[in-house]
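The structure appears right after this line, and notes come after that.
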Amino acid sequence: MLDPSMQAPANARREPWQLGWEHVQCLVDGISRPLAWSSANLILTAHAILPKIYAQLIPPSPTPSVAKFTIPSPPPIINAPAKSYAPPTVISLSPSDAYLFAYFPPDSGAEGIACVWERGAEISTWAVKEYWSVPRVEGILCCKWLGEDRQWVVASDSDASDIPRFSRRPYAGPPTLSTPTFLLITHSCYASLYYHPPLGPSSASFFSVLRANLTTPLTSNQATQLSNAHDSAGGLRLCLRAEIGIQPEIAIQSILVPPIPNLSNPSMAFTSPGSPPDYEWQWEQWGERQYIELCEIRLDLFSSQPTMTVSPLLPIPTTYLASRSPGTQGPPPPATPWHLSHLRFVSAPLPTPKESSDFKGKGLVSYLDVDEEPERLGFHLLAGCMDLGNYVSPLKTHIYLWSITRPSKKLRDDDDDRPVSVISVNTDDDSTSGKKDASDDWLIKMEAQRTFNDSALGFVEDVPPSTGEGVVLAGLLNLMGRREGVGAGSKVKVGRVVVLNLQDLSDNAQFRSSDLIGCGGRDPPVSMAMSPNHTLICTTTSVFSPLDLAIVPFPRRISPTAPSSHAQSSAIAHSFSTPLALSVVRGTDPSDVIRAFWSNSTAAEALIGETWKTLSECADSGEVHPSRASEPWMSEMMKIAVAVFKSAPDPKLGVRWQTAFDVCQLEACEQAFDDCDVASTSPDTDQETRWKLIHLSQWFVELCQSIVKEAILYEAHLACEWQEGGGDEGPREIDSASEGPNSSLLFLLHPWLLSLLRQTLSHVHRLRSTLMTASPDGAARVAKNVLADIFDASSIDMEELRDALIHVNNKNTSTVASIPDATSQFRTALLTFSVPSRFFPLLAEHARYLSAYTNLVDKMRLLINPSELLDLPPPFSADWDRQPRDVIGNATLRNQATLRTCTRCGSKSSRARKDAIIKGGERWRAFETSWERSCVCGGLWMANLD
């Protein structure tokens, strides 16, 4: 729930419930509550009664969200009197989450407001980019973004036990000049294209606009004068429902449900330009018409005069759908009641791509060289209708599927001119008049139909296709049931989420259905949004019901066999490793995957291991981001480990996240020293950068102290066990069943972590040597003294530590050479942040060596915090001398600084204002800019999280 005050009261009595036509009438009327789920795992929805957009963050742990905020409203809404605008009816996020569009219809006024926001560095920061007024008759029905990057999908054409391959789909839609570019469909049957020219718009507006009437063949530009659409009887065409879909190489389609003329004022409804028409006063000619009309739009944005061409196609009659099967010949049977409730474009299965020679055997395939039958390159149109049974009989739902393809010659001729296709439903009896025969352009064929006698269709959604697989997601509402929960806020099962085969609309046997949760017989879930990695589903009620959000799991694949408990745990980890690895490749937040995983399993080590195994198949593909780790994707896996272990419900797993976070912070620290390169310039230059590095040096010294402290404590633990087991026998082998050492001791074992530790230590000594050669006066002297104080205040000797780490590294090299499969053991240890039992003896030697090293450590100062010896009140006890620090630069955070919080690890950082002067050298600013949108652990920033 976004607002606890808007929770729907639950009926505490145990009683049967039944779903009636009044609960689904909103679907027939085309009225639904907007819902969007961003790639940053933000859920956006409309307020119940106010013109506001609420957002809440979905955490990786299965706990309620505590991060909630409101998107700032545009100035006209803020300054308008109460009840001037209604809650938004359209909320649409660009695929990159960089822009947000919303439409606020008028409540008591004559005009609504359309607004575009641009996201800032934090996911909670949205600035109004542009807004404009929209007349009531031009109300916006839907929005589709164009010009986005190619999407990554999983080519799951292999067995479930195999490593899935990643692939990138072709560019969706027509080529665009720049982003943002989006297409709107209005109530008046118009398509409006908003785009930002690369050289800037000719007017003061940020966007340039192209508008075209979907009911008339026309090529329009910015200077084209357009008027409202009228039919032959003089009525004004209006659109009730619209849907836009983008398909590779085919582009955009839209469906418009039959328009209804304005009968509230006959003098207006029957007025048309020119001579008065010859009216036929028959009631049947007004209202919804049983047609689904197709319309194709082509864009030309690269010429000196951008144009948009509209080509209406032949409509699809729907009068007798409920009583006719696919392929039926002969005259149509008598018409039956038909109430359209859902219209969706479904992606056709992509052809099997050729595996490029550059990517062969590396997990990545390319769709750029597809040589397949052109008939397979198309899309599907899915329509759902309600049979209300004269509002007395039980509900029935019918689903119909059409395939829409283009002949091969047309595809080849238009290969360089990818069209935007819009499908529209109009209500005019003469809807086909004046239109060209489109049979030579598109082939439309009914492929399947299905009737649900025991369920009502709540929602249907396209699922991103995988190679060779075509499925669609459907939410089916039970017609009756019994309330089992007692008490306020109780929920019951009201339906199920199923995966249907695109071929015949039957249930896909490879997926297990999920339960829909709601208040039985009241306020059923009729709107949904899928999480960015397709592991969770968010559902909500209609606009006529109190706002109620529910998160349910996405239908999961069924294991081909009935495995044991251990094998089943591994199978669950394997099933979630694919979307988790895909989130790393896409760059999306993996919180939804981790949240869904914790609801099914606790095998965190298996999840991380399977994810790395999947990513390692793409190691040398050329699509991998540069990594500073010894193995590809290892740096990214450290960030994933922070998210997994931080949200773990098991406390034994939860303590490992700190070590994973230290690895991420140490890698960023080493990168800062390497990028700034303090010794490459004169000792008296770039003083601001050196101050930043001094702060990082302080954090590094504290990290070294904690590692040495854990080694000494581990040695003491071994000594106690040795004495309890009989000291006369001498040191014994460590029992693998005993409690393992602290995960921070991996810094002394793993080659990459030990290398990071030694390199950063060399950078710190190099910084100190550089400051020693600086001029004795001015700021350089102060910096030198501050760094010297950090070294002197440390309980370990940093000079001796360098020699000790050399000894540890040499011992590792000589010992690991005799251990079979040491590389795999090291990898497992790093991914799970646990020391394998095979390395217990080696770690014990390191612990004894560091504990007995002369002049390395002052154990009294290391093991006992001076503040613990003082009897101070709670605000000053323990770490009374410590203040919160910036996770990027380790500088002390001041109270007046603008703070932001990481959504993954909870660390804080200062957020510089745009009007503030950025302090620091050029090299440090370049390093700090790389963390402008994410934390060192990979989490996203959120302003004012507290």
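If you scan segment 749-765, which residues turn out to be of a type in the set (Phe, Trp, Tyr) and either in contact with a His (Cβ under 7 Å, 6 or more places away or on another chain) or open to solvent by 20 Å² or more (accessible area, probe 1.4 Å) (or both)?
Once the filter is applied, which keeps residues that are of a type in the set (Phe, Trp, Tyr) and either in contact with a His (Cβ under 7 Å, 6 or more places away or on another chain) or open to solvent by 20 Å² or more (accessible area, probe 1.4 Å) (or both), segment 749-765 yields nothing.
Return a yes/no flag: does segment 449-456 have any residue that is at pLDDT below 85 and assigned to a loop (DSSP other than H, G, I, E, B).
No, segment 449-456 has no match at all.
Filter segment 644-672 for residues that are more than 21 Å from SER583 (Cα to Cα) and among the polar types (S, T, N, Q) and give the result.
Across segment 644-672, the qualifying residues are GLN658, THR659, GLN665, GLN671.
Just one of the numbered conditions (1) more than 22 Å from TYR103 (Cα to Cα); (2) modelled with pLDDT under 75; (3) under 33 Å from the mean Cα position of the chain (by Cα); (4) surrounded by fewer than 19 Cβ atoms within 10 Å (Cβ to Cβ) is not true of PRO197; which one?
Among (1) more than 22 Å from TYR103 (Cα to Cα); (2) modelled with pLDDT under 75; (3) under 33 Å from the mean Cα position of the chain (by Cα); (4) surrounded by fewer than 19 Cβ atoms within 10 Å (Cβ to Cβ), the lone unmet condition for PRO197 is (2).
Counting only residues that are surrounded by fewer than 14 Cβ atoms within 10 Å (Cβ to Cβ) and in a helix (DSSP H, G or I), how many does segment 819-840 have? Talk me through it step by step, then tell me what you get.
Of the residues in segment 819-840, the ones surrounded by fewer than 14 Cβ atoms within 10 Å (Cβ to Cβ) are 820-821, 823-824.
Filter once more, keeping what is in a helix (DSSP H, G or I): 823-824.
Qualifying residue count, segment 819-840: 2.
Only one of (1) of a type in the set (Lys, Arg); (2) farther than 30 Å from THR903 by Cα; (3) within 22 Å of the chain's Cα centre (by Cα) fails for ARG136. Which number is that?
(3)
Only one of ARG882, ARG925, ARG933 is over 30 Å from the mean Cα position of the chain (by Cα) and either open to solvent by 20 Å² or more (accessible area, probe 1.4 Å) or at pLDDT 90 or above (or both); which?
On inspection, the qualifying residue turns out to be ARG882.
Could you tell me which residue of segment 139-179 is surrounded by the fewest Cβ atoms within 10 Å (Cβ to Cβ), considering only residues that are modelled with pLDDT under 75 and among the β-branched types (Val, Ile, Thr)?
ILE163
Does segment 117-131 contain any residue that is surrounded by fewer than 18 Cβ atoms within 10 Å (Cβ to Cβ), at pLDDT 90 or above and hydroxyl-bearing (Ser, Thr, Tyr)?
No; the residues of segment 117-131 include none that is surrounded by fewer than 18 Cβ atoms within 10 Å (Cβ to Cβ), at pLDDT 90 or above and hydroxyl-bearing (Ser, Thr, Tyr).
Six or more apart or on different chains, Cβ under 6 Å: which pairs go from a residue in segment 109-135 that's over 30 Å from CYS935 (Cα atoms) and assigned to a strand (DSSP E or B) to one that's charged (D, E, K, R) and at pLDDT 90 or above? Could you list them?
Once the first residue is over 30 Å from CYS935 (Cα atoms) and assigned to a strand (DSSP E or B) and sits in segment 109-135, its partners that are charged (D, E, K, R) and at pLDDT 90 or above give SER133/GLU111; PRO135/GLU111.
Give all pairs with beta carbons closer than 7 Å in which a residue from segment 836-852 that is within 15 Å of ASN742 (Cβ to Cβ) and free of Cβ contacts under 8 Å to residues at least 12 places away in the same chain meets a residue that is part of a helix (DSSP H, G or I) and open to solvent by less than 60 Å² (accessible area, probe 1.4 Å); count only pairs at least 6 apart in sequence or on separate chains.
PRO836/GLN825; PRO836/ALA829
For SER769, are the conditions met, namely being modelled with pLDDT under 90, hydroxyl-bearing (Ser, Thr, Tyr) and assigned to a helix (DSSP H, G or I)?
Details: modelled with pLDDT under 90: yes; hydroxyl-bearing (Ser, Thr, Tyr): yes; assigned to a helix (DSSP H, G or I): yes.
Against the criterion (modelled with pLDDT under 90, hydroxyl-bearing (Ser, Thr, Tyr) and assigned to a helix (DSSP H, G or I)), SER769 qualifies.
Could you run through segment 69-86 and say how many residues are surrounded by fewer than 19 Cβ atoms within 10 Å (Cβ to Cβ), over 21 Å from PRO135 (Cβ atoms) and of a type outside the set (A, V, I, L, M)?
Within segment 69-86, residues that are surrounded by fewer than 19 Cβ atoms within 10 Å (Cβ to Cβ), over 21 Å from PRO135 (Cβ atoms) and of a type outside the set (A, V, I, L, M) number 2.
Conditions (1) buried (at least 22 other Cβ atoms within 10 Å of the Cβ); (2) modelled with pLDDT under 90, marked per residue:
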position: THR561; (1), (2): no, yes
position: PRO590; (1), (2): yes, no
position: TRP612; (1), (2): yes, yes
position: PRO632; (1), (2): no, yes
position: LYS652; (1), (2): no, yes
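The values are calculated or read from the model by the stated rules, or taken from the named source; none is laboratory data. From a predicted model like this one, the values you see are computed outputs, not experimental measurements. We place every Cβ from the backbone using ideal geometry, glycine too, and count neighbours over all the protein chains shown. All accessible areas refer to the heavy atoms of the entire protein, side chains included, with ligands and DNA or RNA removed. Shrake-Rupley method; radii C 1.70, N 1.55, O 1.52, S 1.80 Å.
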